[in-house]
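Have a look at the structure below before the remarks.
The values are calculated or read from the model by the stated rules, or taken from the named source; none is laboratory data. Every value quoted in this text rests on a predicted model; they were computed, and no experiment measured them. Here the Cβ positions follow ideal geometry from the backbone for every residue, glycine too, while neighbour counts run over all protein chains shown. Side chains are part of the model used for accessible areas, which takes the heavy atoms of the whole protein and leaves out ligands, DNA and RNA. Shrake-Rupley method; radii C 1.70, N 1.55, O 1.52, S 1.80 Å.
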Amino acid sequence: QVQLVESGGGLVQPGGSLRLSCAATGTSFSIYTMAWYRQAPGKQREFVARLTRGGSTIYADSVKGRFTISIDNAKNTVYLQMNSLKPEDTAVYYCNTAPMAALGWGQGTQVTVSS
C-alpha cells in the first residue's frame, strides 16, 4: 500500500524560508514525475511545482524564482525549498504524481506565512 507523508511545514514570517519533505512507502518516486500541490482555505487544490524523471522542472507562475523542487532517490524523498515566502503561500502542501495525482493523498503539511 502506497503512503505519502509530508512534513516540514510551520509558521514563518513573510520573507522567511521552509523546506518541505515528502517521503513514500510502498512505491519508488524514481518511476514518476513528482509534484507539489497546495490548498489554501476555501480554495481548490492547485499545482505548485513538478520534477520529471529526467530532471526537468516546471513551476506555477506564483512561485517561480522562489521555490525549488528536488528529489533524493536514495531516500525516496521529494523536497520543496520555499524562499521569500508570502502570506499568499499559506496553505496545506501535498506531494503526488503529475500531471495526474495517481497516488493516494497524504495528510499534507500546513504552511502559514504571517507576521
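Tyr79 falls short on exactly one of the conditions (1) under 16 Å from Ser21 (Cα atoms); (2) touching a Lys or Arg at 6+ places or on another chain (Cβ under 7 Å); (3) free of Cβ contacts under 8 Å to residues at least 40 places away in the same chain, and that condition is (3).
One residue stands out in region 53-75 among those that are within 16 Å of Ser28 (Cβ to Cβ) and of a type in the set (A, V, I, L, M): the one that is modelled with the lowest pLDDT, namely Ala74.
Among the numbered conditions (1) in a strand (DSSP E or B); (2) in contact (Cβ under 8 Å) with a residue 12 or more places away in the chain, the only one that Glu88 does not meet is (1).
If only residues of region 79-103 that are within 20 Å of Gly55 (Cβ to Cβ) and among the hydroxyl-bearing types (Ser, Thr, Tyr) are counted, the one that is least open to solvent (accessible area, probe 1.4 Å) is Thr97.
Among the residues in region 82-100, are any in contact with a helix residue (DSSP H, G or I) (Cβ under 6 Å, 6 or more places away or on another chain) and at pLDDT below 95? Explain how you work it out, then say what you get.
The first filter runs over region 82-100 and keeps only residues in contact with a helix residue (DSSP H, G or I) (Cβ under 6 Å, 6 or more places away or on another chain), leaving none.
The answer is no; no qualifying residue exists.
Of all residues in region 24-70, how many are β-branched (Val, Ile, Thr) and either more than 26 Å from Glu88 (Cβ to Cβ) or more than 15 Å from the chain's Cα centre (by Cα) (or both)? Break it down into steps so the answer makes sense when it comes.
Initially, region 24-70 is screened for residues β-branched (Val, Ile, Thr), giving 25, 27, 31, 33, 48, 52, 57-58, 63, 68-69.
When the remaining residues are screened for being either more than 26 Å from Glu88 (Cβ to Cβ) or more than 15 Å from the chain's Cα centre (by Cα) (or both), the result is 25, 27, 31, 52.
Of the residues in region 24-70, 4 are β-branched (Val, Ile, Thr) and either more than 26 Å from Glu88 (Cβ to Cβ) or more than 15 Å from the chain's Cα centre (by Cα) (or both).
Show me the strands (runs of 3 or more DSSP E) found entirely inside region 1-70 where at least 2 residues are open to solvent by less than 50 Å² (accessible area, probe 1.4 Å). Correct list: 3-7, 10-12, 18-25, 34-39, 46-51. For beta carbons closer than 7 Å, sequence separation of 6+ or different chains, a first residue in region 96-115 that is within 18 Å of Ala40 (Cα to Cα) and in contact (Cβ under 8 Å) with a residue 60 or more places away in the chain and a second that is part of a loop (DSSP other than H, G, I, E, B) and of a type in the set (D, E, K, R), the qualifying pairs are Val113/Lys86.
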